[in-house]
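Working notes for the structure below.
The values are calculated or read from the model by the stated rules, or taken from the named source; none is laboratory data. This structure is a prediction, so every number in the text was calculated from the model and none was measured. We place every Cβ from the backbone using ideal geometry, glycine too, and count neighbours over all the protein chains shown. Surface areas here come from the heavy atoms of the whole protein model, side chains and all, with no ligands, DNA or RNA. Shrake-Rupley method; radii C 1.70, N 1.55, O 1.52, S 1.80 Å.
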Amino acid sequence: MPVVFDEAAVDSESLLRVENLSVEFGSGPRAVRAVDDVSFTIGHGEILGLVGESGSGKSTLCLALMRIVPAPGVVKSGRVVFDGRDLGVLSVRQMREIRGNELALIVQDALATMNPVTRIEEQIVEILRDHAGKGTVDRKNFRERALRALRSVHLPNAELNLRRYPHQLSGGMQQRVAIAQGLILEPKLIIADEPTTALDVTVQAQILSLLREVRDTSGTSIVFVTHDLATVAEICDRVMVMYAGRIVESGTVREVFKNPEHPYTKALLSGLLPLVGEPPEELDALPGQPPRPEDWPSGCRFHPRCPVYVRLGKPDVCRETDPNVDETQSHWAACHFANQEV
Ligand code: SF4
């Protein structure tokens, strides 16, 4: 259902506005939709958590926000308005300037994004040189900025590590370098796609604290993608829960953790008792796997796995009708029985 934002009001408060965004892979009748009619906003200096199982569409959504969905993927419909600009109508050159300067993507596998045969210093200087314009030579200034960037992410022995190759750093250090690269041009929005998943618990905590520090000191907004609700509780202001290409629940962290309304959110929360408030009632693990995009069920896509659907005697409405939601509300859930005693 199309979401109607009050554009003037939303743009004064929001850095990013996503309207009815859909992403498909392939074309014609064999096209597979990975992100389906997603709408949301992110405020200035806000950290928004995006959670859901693997295959829910989180990473594809992130790539669509950056306008880097790989072929044969394509943004089929909807708009991404960033800082007042509709990213879908910008030229490739304009978009390249926005990426890196204003929008940064930090991914789980930092090493995969680095050139293995280039020293860390050169990798960071490259970003600065690109930004300043090819051919710009200000080696000393660039080096100092690279060093400052590594120190800002609390990388130990920054001078020494600047001269190292990526494989000579630990996983946590590589992730800090990736974050330093993402931050060096002071972006307004960071999209962090599972940046701590591959790290041990201690390093995870350090990276989370670093991202929070970046937000607090620079007012940077962050989309934090994770499958881990404990991390969301730790760092985020708001949370969106994604399932089968759609957002199924959205609200402040406090609202969603204290009063989850969607059975899927409750099931996710049941794995980590109790983070905030009372534990949710349904503690069973979720049966089955999330459906593949080509197999999305009719009606509510969660119904084949939903414990409430079973408890209510498998009502037709769950199988036949998409739940309606008012996505302009602070807290909502895409369930026919949200807010009801069932
Ligand atoms: S609409 Fe029905 S199947 Fe979907 S989450 Fe709600 S109760 Fe479960």
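Going through A158, A64, A112 one at a time, which residue ends up being within 24 Å of the chain's Cα centre (by Cα) and surrounded by 15 or more Cβ atoms within 10 Å (Cβ to Cβ)? Just one listed residue meets the conditions, A64.
Does V232 satisfy the criteria of being more than 16 Å from the ligand (Cβ to nearest atom) and touching a Ser or Thr at 6+ places or on another chain (Cβ under 7 Å)? For V232, the condition - more than 16 Å from the ligand (Cβ to nearest atom) and touching a Ser or Thr at 6+ places or on another chain (Cβ under 7 Å) - is met. Restricted to strands (runs of 3 or more DSSP E) entirely inside segment 27-94, those with at least 2 residues that are in contact (Cβ under 8 Å) with a residue 12 or more places away in the chain and of a type in the set (D, E) are 32-43.
If you scan segment 120-154, which residues turn out to be in a loop (DSSP other than H, G, I, E, B), more than 24 Å from S218 (Cα to Cα) and either open to solvent by less than 80 Å² (accessible area, probe 1.4 Å) or modelled with pLDDT of 85 or more (or both)? G133, G135, T136, D138, listed by residue number.
Regarding R212, is this residue of a type in the set (K, R) and under 19 Å from the mean Cα position of the chain (by Cα)? Judged against the criteria, R212 is a match.
Quick check on G84: is it within 24 Å of E13 (Cα to Cα), exposed (fewer than 15 other Cβ atoms within 10 Å of the Cβ) and assigned by TED's automatic domain parsing to the domain that holds L16? Here the answer is yes, as G84 does meet what is asked.
Within segment 287-308, the set of residues being of a type outside the set (D, E), assigned to a helix (DSSP H, G or I) and away from the ligand (no atom under 13 Å from the Cβ) comprises just one member, P293. In segment 309-325, the qualifying residues are those that are within 10 Å of the ligand (Cβ to nearest atom) and not in a helix (DSSP H, G or I), and the one that is surrounded by the fewest Cβ atoms within 10 Å (Cβ to Cβ) is K314. So, in segment 331-342, of the ones that are part of a loop (DSSP other than H, G, I, E, B) and more than 10 Å from the ligand (Cβ to nearest atom), which residue ends up surrounded by the most Cβ atoms within 10 Å (Cβ to Cβ)? It comes out as H331.
Give segment 226-240 a look and list any residue that's modelled with pLDDT of 95 or more and either out of contact with any Gly (no Cβ under 6 Å at 6 or more places or on another chain) or of a type in the set (S, T, N, Q) (or both), or say none. Within segment 226-240, D237, R238, M240 meet the criteria. Do we find that T328 is out of contact with any helix residue (DSSP H, G or I) (no Cβ under 8 Å at 6 or more places or on another chain), among the hydroxyl-bearing types (S, T, Y), near the ligand (Cβ under 10 Å from one of its atoms) and in the same structural domain as N259 (by TED's automatic domain parsing) in this structure? When the stated conditions are applied, T328 does not pass them. Of note, S209 satisfies the criterion of being free of Cβ contacts under 8 Å to residues at least 12 places away in the same chain, open to solvent by 10 Å² or more (accessible area, probe 1.4 Å) and not aromatic (F, W, Y).
For segment 45-61, residues that are of a type in the set (S, T, Y) and closer than 18 Å to V256 by Cβ total 1.
Could you identify the single residue in T220, T226, T197 that is under 16 Å from the mean Cα position of the chain (by Cα), open to solvent by 40 Å² or more (accessible area, probe 1.4 Å) and in contact (Cβ under 8 Å) with a residue 40 or more places away in the chain? Every option except T197 fails the conditions. A178 satisfies every condition listed in (1) in contact with a helix residue (DSSP H, G or I) (Cβ under 8 Å, 6 or more places away or on another chain); (2) buried (at least 18 other Cβ atoms within 10 Å of the Cβ); (3) farther than 25 Å from E122 by Cβ except (3).
The C-beta contact set for segment 304-329 (first residue closer than 21 Å to Q289 by Cβ, second residue aromatic (F, W, Y), distance under 7 angstrom, 6+ apart or interchain) comprises V308/F337; C318/Y309.
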